[in-house]
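Visitor: Can you read through this structure? Questions will come right after.
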Amino acid sequence: MKKACLLLLCAALLLGLCACGGTKEYTAETYAFDTVISLTAYCGSREEFETLRSAVFGRMQELHKKFDIYNEYEGLNNLCTVNRLAGQAVPVDGDILELLASALQAEKLTGGRVNIAMGRLFGLWKEARDTGVLPAEDAIRKAMLHGDPADVLLDRENGTVTLRDPEMALDVGAVAKGWAAGQAVRAADALERTNFVLSAGGNVVVRGLVKDRLWKVGIRDPLSQDGTGHAAVVEATDMALVTSGGYERNLTVDGRTYCHIIDPQTGWPADKVLSATAVCEDSGRADALSTALFLMDAEEGIAFARENGFRAIVIDREGTVWDSEDR
């Protein structure tokens, strides 16, 4: 999902890279958060790159297990455990508490558009994508009754999470990958490594420069027939760029296509824009903001970005590109 000189396709964005001075380009991939995670860096040696790769991918894999809502792991209370024990106080480690605190702040910032407490609702739509059968209206209404974020209780002193509603389930898909990418980049920063790009599906974090130039990140054109076109290019360094798009993992029933991104306020898939990109320094914040933007129409999203001090690039249903930096 990035680009700087040469172009490589990467999920929702385009990534391009070129070599730097006395360093070599190294790349590696892993799989976490239900997507391919790629790292490209310019290092003085393979050994230097392997140290960076180990730190970045190790952190991503660690957080993937902690934030997994579908599987539990021996010796670890993760979010799947929290959901299974809804109604009880569950001891968890600091990463889970910090992620959930960040997500609850995002819920307030976005006026409820980012709501991790709607796991029951989101689970209905995941089942629909798996089976090809739309959820019943009654099931949607009932699921939405168990999605009040006020029922997610974080006890930092005792290190516990309690879902006060026993019928509630958490789903952190709108925030976890971006938050984890930010933590992985912090691991790289601790090694004092620069000049690299981390891509995780629609989440991109760029560090440093390429031949003393800014990275160029191409945003995919949702109307491109083969998925290779891009609608805009962002120049950036030390930034996160996260795109939410409605062109993958969709459900088609009776000739109508339903997006995989669900609006927690209506209970139904979003259909206001084709894609929405948030650009800011914090990867976790950008992840949440891109989801919120996708649930607004283009004009509302641009106004929201300007009010909250980040850059938004929104592609509306007609394919028109809206940029909050345009005046």
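Visitor: What figure, in Å² to the nearest 10, do you get for the accessible area of HIS146 with a 1.4 Å probe and non-protein molecules left out?
Guide: 60 Å²
Visitor: Under DSSP H, which helices of the chain have Cα atoms covering 27 Å or more of the helix axis and a Kyte-Doolittle average no less than -1.0? Write down the numbers at each step before the final one.
Guide: Working: long enough: 46-67 (31 Å, -0.91).
Both cut-offs are met by 46-67.
Visitor: If I model a spin label as a point 7 Å beyond the Cα along the Cα-Cβ vector, how far apart are those points for GLN265 and TYR70 in nm?
Guide: For the pair GLN265/TYR70, the computed spacing is 2.9 nm.
Visitor: Follow-up. Using only alpha carbon pairs under 8 Å that are at least six residues apart, calculate the relative contact order of segment 26-102 and give it in whole percent.
Guide: 19 percent
Visitor: Also, I was wondering about something else. Charges on Cβ only, +1 for Lys and Arg, -1 for Asp and Glu, centred on the Cα centroid of the chain; of SER102, GLY245, LEU295, which one is farthest towards the dipole's positive end?
Guide: Sorting the options by dipole projection puts first GLY245.
Visitor: Helix-only mean residue ellipticity at 222 nm, the chain, DSSP H runs n ≥ 4 weighted -39,500 (n - 2.57), per residue, nearest 500. What is it?
Guide: Using -39500 (n - 2.57) per qualifying helix, the result is -10000 deg cm²/dmol.
Visitor: Could you list, in their original order, any pairs among LYS177/LYS272; LYS66/LYS142; LYS24/LYS216; LYS177/LYS211 whose Cα atoms are separated by more than 26 Å?
Guide: LYS66/LYS142; LYS177/LYS211
Visitor: With +1 assigned to the C-beta of every Lys and Arg and -1 to the C-beta of every Asp and Glu, and no other charges, what is the dipole magnitude of segment 208-262 about the Cα centre in debye, to the nearest 20?
Guide: Here the size comes out at about 40 debye.
Visitor: Can you compute log10 of I(q)/I(0) for segment 204-277 with the Debye formula, treating each Cα as one identical point scatterer, at q = 0.24 Å⁻¹?
Guide: -1.10
Visitor: If I model segment 119-202 as equal point scatterers sitting on the Cα atoms and use the Debye formula, what is log10 I(q)/I(0) at q = 0.20 Å⁻¹?
Guide: -0.98
Visitor: How big is the Kirkwood radius of segment 94-241, worked out from every pair of different alpha carbons and given in Å to one decimal? Numbers along the way, then the final one.
Guide: Working: mean 1/r = 0.0551 Å⁻¹.
Averaging 1/r across every pair of different Cα atoms and inverting gives 18.1 Å.
Visitor: If you average 1/r across every pair of different Cα atoms in segment 16-167 and take the reciprocal, what Kirkwood value do you get, in Å?
Guide: Taking every pair of different Cα atoms in segment 16-167, averaging 1/r and inverting gives 18.1 Å.
Visitor: Further question on the same structure: Any idea what the dipole of the chain comes to, in debye rounded to 20, about its Cα centre with Lys/Arg Cβ at +1 and Asp/Glu Cβ at -1?
Guide: 560 debye
Visitor: Could you give the accessible area per residue of segment 88-215, probe 1.4 Å, as a whole number in Å²? Please report the intermediate quantities before stating the final value.
Guide: Details: 5620 Å² over 128 residues.
About 44 Å² of surface per residue is accessible.
Visitor: Provide SER54, SER45, SER275 ordered by accessible surface of protein heavy atoms (probe 1.4 Å), highest first.
Guide: Heavy-atom accessible area, descending, gives SER54, SER45, SER275.
Visitor: Quick one: plug the Kirkwood hydrodynamic radius of the chain (C-alpha pairs) into Stokes-Einstein at 10 °C, 1.306 mPa s, and report D in µm²/s.
Guide: It diffuses with D of about 79 µm²/s by this estimate.
Visitor: Using the crude model of +1 on Lys and Arg Cβ and -1 on Asp and Glu Cβ, and no other charge, please compute the dipole size for segment 33-129 relative to its Cα centre, in debye to 20. Can you show the working numbers first?
Guide: On the way: 11 positive and 13 negative charges, 93 e Å.
Magnitude of the dipole: close to 440 debye.
The values are calculated or read from the model by the stated rules, or taken from the named source; none is laboratory data. Since we're looking at a predicted model, the values are computed, not measured. Cβ: placed from backbone, ideal geometry, glycine included. Neighbour counts: every protein chain shown. In case anyone asks, the SASA skips ligands and DNA or RNA and just uses the protein heavy atoms, side chains included. Shrake-Rupley method; radii C 1.70, N 1.55, O 1.52, S 1.80 Å.
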